[in-house]
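Trainee: Mind having a look at this structure? Questions to follow.
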Amino acid sequence: MEKPSNLLLKVSRRLFTNVDEQEKFIEALINPQPFLPSILWCQEKPEISPLAVETLTSWQPQFIDRLTLGQKPGQHPLHQQGYFYCLDFSSVFAATILLAIPQPVSLIFDMCAAPGGKSIFAWKALQPDLLISNEVIGKRLGMLISNLKRCQISPSAVVNRDSSIFAEMFPGSSNLVIVDAPCTGQSLLAKGEKAPGCFHPTAINKSANRQKRIIANSAKLVSPQGYLAYMTCTYSPEENEQVCEWFLERFPQFQAIKISYFAKYQSHLTTMPCYRMFPQHRLGAGAFTALFKNTNEDEYKSEEVDFNTISSLYIYQNINKSS
């Protein structure tokens, strides 16, 4: 068995005071075991699933199926036909926080969207009038557009700009902004993948600073009484709770929302409502998620949004709403 690095040991001690829990966490990363695959039904879910399905968790959305071990949904014909999207159950956990948002929702803006799982989840859960998915890294645009197109996500559009551009051009425009923030990706280890340097303090601090810049820009897009969802797939408090605490200090009009169905996942590292999944609990490789509401009232005047201008930025669009 691989010996844990000193940096991993240090992170484990920061996350857990209980030695037994530290050891279970480390074991999940250095001796990764397969997790059950899951799928999101984009089209109407069949009454009888074509794949072997596990029992629902208490919080699991009805349009999500967690499959038995060994299933390969990506090879099923219905996948290529766009009936479902494959995603890690940790991503399901993080995105399920969106179910606490009341409908109707006019505009959803996904700031860091590729490969598209959170965008597709938000579209399925909230049925917005328009979904805009942004991806700043050009080489990731192909997979995002391909997934939205294959899964027939409409009305939707893809854009490719830095978050600062949207903060300046479209303040107060979006009922929901999703920030699935770029991070050190420490949970990749629990899936048997590589994440070199993911526990190094320099990498963690660099990532946290980038996340703060993105969430600050994203907050400016949120409409009065709108929502901002913050998510990562990493464990370090600097990239999770500490980013959220920094955010609330600088944007006091936002309030962290308590999610009743996630009560047992409340982070033990803060009293602020935010939620964690850890790999040793065997549901998924790990995730952090928090939901914030802009408490400004409707009479708050945001700048008028020119949707003709925003449409000029689209590099892909599917605007005719599917039936």
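Trainee: Identify, please: which residue in region 111-129 is among the charged types (D, E, K, R) and out of contact with any strand residue (DSSP E or B) (no Cβ under 6 Å at 6 or more places or on another chain) and is, among those, surrounded by the most Cβ atoms within 10 Å (Cβ to Cβ)?
Mentor: Among those residues, the one meeting the criterion is 124.
Trainee: Sticking with this structure for a sec: How many residues does region 37-93 hold that are touching a Cys at 6+ places or on another chain (Cβ under 9 Å) and within 16 Å of residue 115 (Cβ to Cβ)?
Mentor: The total comes to 14.
Trainee: In the list 181, 229, 167, which residue meets the criterion of being under 22 Å from residue 14 (Cα atoms) and either open to solvent by less than 20 Å² (accessible area, probe 1.4 Å) or at pLDDT below 95 (or both)?
Mentor: 181
Trainee: Here is a list: 71, 103. Which entry is closer than 30 Å to residue 280 by Cβ, open to solvent by 10 Å² or more (accessible area, probe 1.4 Å) and assigned to a loop (DSSP other than H, G, I, E, B)?
Mentor: 71
The rows are residues; the columns are (1) over 26 Å from residue 12 (Cα atoms); (2) of a type in the set (Lys, Arg); (3) within 15 Å of the chain's Cα centre (by Cα); (4) open to solvent by 20 Å² or more (accessible area, probe 1.4 Å).
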{"residue": "190", "(1), (2), (3), (4)": "no, no, no, no"}
{"residue": "205", "(1), (2), (3), (4)": "no, no, no, yes"}
{"residue": "212", "(1), (2), (3), (4)": "no, yes, no, yes"}
{"residue": "225", "(1), (2), (3), (4)": "yes, no, no, yes"}
{"residue": "247", "(1), (2), (3), (4)": "no, no, no, no"}
{"residue": "253", "(1), (2), (3), (4)": "yes, no, no, yes"}
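Trainee: Name the residues in region 7-50 that are part of a loop (DSSP other than H, G, I, E, B) and of a type in the set (Val, Ile, Thr), would you?
Mentor: Once the filter is applied, which keeps residues that are part of a loop (DSSP other than H, G, I, E, B) and of a type in the set (Val, Ile, Thr), region 7-50 yields 17, 48.
Yes/no per residue for (1) touching a residue at least 24 places away in the same chain (Cβ under 8 Å); (2) touching a Phe, Trp or Tyr at 6+ places or on another chain (Cβ under 7 Å):
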residue	(1), (2)
17	no, no
23	no, no
34	yes, no
42	yes, yes
51	yes, no
54	no, no
59	yes, yes
71	yes, no
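Trainee: Okay, next question. I want to confirm something. Restricting to region 112-124 and keeping residues that are within 10 Å of the chain's Cα centre (by Cα) and of a type outside the set (Phe, Trp, Tyr), which single residue is farthest from residue 155 (Cα to Cα)?
Mentor: Filtering first and then ranking leaves 112.
The values are calculated or read from the model by the stated rules, or taken from the named source; none is laboratory data. Since the model is a prediction, treat every value here as computed from it, not as a measurement. Here Cβ is always computed from backbone atoms with ideal geometry, including for glycine, and neighbour counts include all displayed protein chains. Side chains included, ligands, DNA and RNA excluded: accessible areas come from the protein's heavy atoms. Shrake-Rupley method; radii C 1.70, N 1.55, O 1.52, S 1.80 Å.
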